[in-house]
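First up is the structure itself, then whatever we jot down about it.
Please treat every number below as a calculation from the coordinates, not as lab data. Note that the structure is a prediction, hence the values are computed from the model and not measured. A quick note on method: Cβ atoms are made from the backbone with ideal geometry, for glycine too, and the neighbour counts reach across all protein chains shown.
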Amino acid sequence: MATRFQEAAQRYARLNVDAELAMKKLSTFPISIHCWQGDDVTGFENSGEALSGGIQTTGNYPGKARNFQELTADFDLALSLIPGMKRINLHASYSVQQGAFHDRDALTPEDFAPWVEYAKARGLGIDFNPTFFSHPMVKDGLTLSSPDEQVRAFWVRHGIACRRIAAHFARELHTHCLCNVWIPDGLKDVPADRLTPRLLLRDSLDQIFAEKLPGVIDCVESKVFGIGVEAYTVGSSEFYMGYAATHPGVYDLMDNGHYHPTETISDKLPAMLCFFDKIPLHVTRPMRWDSDHVVRFDDEIREIATEIVRNDAMDKVLCGLDYFDASINRVAAWVIGTRNMQKALLYALTQPHETLKKLQQEGDFTRLLMLQEECKTLPFGDIWEAYCERMGVPGDDSWYRQILDYESTVLKERT
Ligand code: RNT
Ligand code: ZN
């Protein structure tokens with residue numbers, strides 16, 4: 001008797017879609033999982049600084065990780081429930097320091113030695129983010145665009161130190177390290193000068209990126225506004241797109257929570273593919289603002305995945321996640337969001353793109369509409385379940401039992 005997977009695969013084959021090939025392609029596409037969902041973007045510095053920079057976590061679900069041991073134990077459980085290839089995405093505020101304290105501008109690779117060990121033992125690559133927020137040297141909400149030369153120099157040093165750490169990760173782990181610069185700089189109310197801060201930022205970036213570092217892929221992440229910086233963001237989309245376009249080797253990272261609420265990034269990806277050989281992503285779920293809800297298997301995620309897949313861009317897009325929900329079990333949040341991104345990619349990989357593209361070219365828009373809609377109810381779930389099982393993780397909701405066990409034995413002990 002044919003299995004559900006075999007029947008589903010036959011159904012897809014009638015549309016010239018090879019389900020086996022789709023699964024194979026997905027299994028080698030890495031998703032970079034962000035460490036900061038595990039502890040509400042707190043980090044390990046114990047500086048007493050609140051989360052700043054216009055981003056916010058809300059909720060107080062028990063069991064948040066308080067240190068490297070707890071965060072990595074939680075991460076291990078999440079990794080064991082997520083199929084396919086994974087990387088980890090760290091922030092500089094997650095240094096694990098042993099000796100005399102190194103401030104952000106003096107961080108060294110040794111401050112991340114336990115992370116390298118952790119990644120090596122699990123065959124994971126590391127991506128990296130300088131942390132330009134939650135720190136007393138953020139003055140008037142400004143870092144790399146600050147008119148205070150001491151402040152700006154401090155953050156330039158931080159950027160330089162982080163790129164060297166990224167190069168160290170790349171060397172040690174034999175894979176690239178995406179190093180992403182996001183700064184919170186902006187103003188709450190209408191500016192008197194929108195140009196000067198951007199010229200300062202351009203100069204700061206030039207200083208940070210001056211050193212050639214093999215293995216490091218540099219990128220800059222734009223934004224439209226944040227909490228408390230509603231009127232003006234120095235690192236806007238046009239600013240960074242222009243910067244990346246004129247600085248080979250520096251890429252423009254697209255976070256799908258960083259645009260106007262009705263604006264989507266799926267349409268921006270093929271526009272950028274005309275000009276850039278790499279596009280880094282932060283996949284998130286904005287709810288009315290950049291709320292960073294856990295990624296769902298929704299229309300826009302599928303559309304983003306579709307643009308990656310049908311434009312043959314799986315080796316050009318560097319896919320990372322960026323959300324932080326403190327109101328639910330944080331390990332489950334990792335698993336749900338990452339599996340949903342993978343689901344979206346598999347969904348995109350099992351659509352008959354060649355046929356659909358041809359219908360567009362021929363101008364047969366009625367048939368195109370018909371087929372696009374019919375494809376939505378193909379037996380996709382059977383392919384997804386089979387994929388998960390082959391990758392050694394549960395294909396159905398049974399993975400959640402492990403979260404419940406962990407919650408009652410480990411997380412509940414944390415206060
Ligand atoms: C903020 C940016 C940024 C952060 C992380 C923590 O709006 O999206 O990527 O979320 O660096
Ligand atoms: Zn982001």
For segment 297-320, the count of residues that are within 13 Å of the chain's Cα centre (by Cα) and either surrounded by fewer than 24 Cβ atoms within 10 Å (Cβ to Cβ) or of a type in the set (K, R) (or both) equals 3
Odd one out for D105, checked against (1) under 23 Å from A73 (Cβ atoms); (2) outside any loop (DSSP other than H, G, I, E, B): (1)
All but one of (1) assigned to a loop (DSSP other than H, G, I, E, B); (2) within 16 Å of ligand 2 (Cβ to nearest atom) hold for R87; which doesn't? (1)
I'd like to know if segment 108-129 contains one or more residues that are in a loop (DSSP other than H, G, I, E, B) and under 23 Å from G53 (Cα atoms). no
When you look at I55, is it within 16 Å of ligand 1 (Cβ to nearest atom), in contact (Cβ under 8 Å) with a residue 12 or more places away in the chain, part of a loop (DSSP other than H, G, I, E, B) and within 17 Å of the chain's Cα centre (by Cα), yes or no? yes
For residues that are within 16 Å of ligand 1 (Cβ to nearest atom) and among the hydroxyl-bearing types (S, T, Y), tally how many sit in segment 189-225. 1
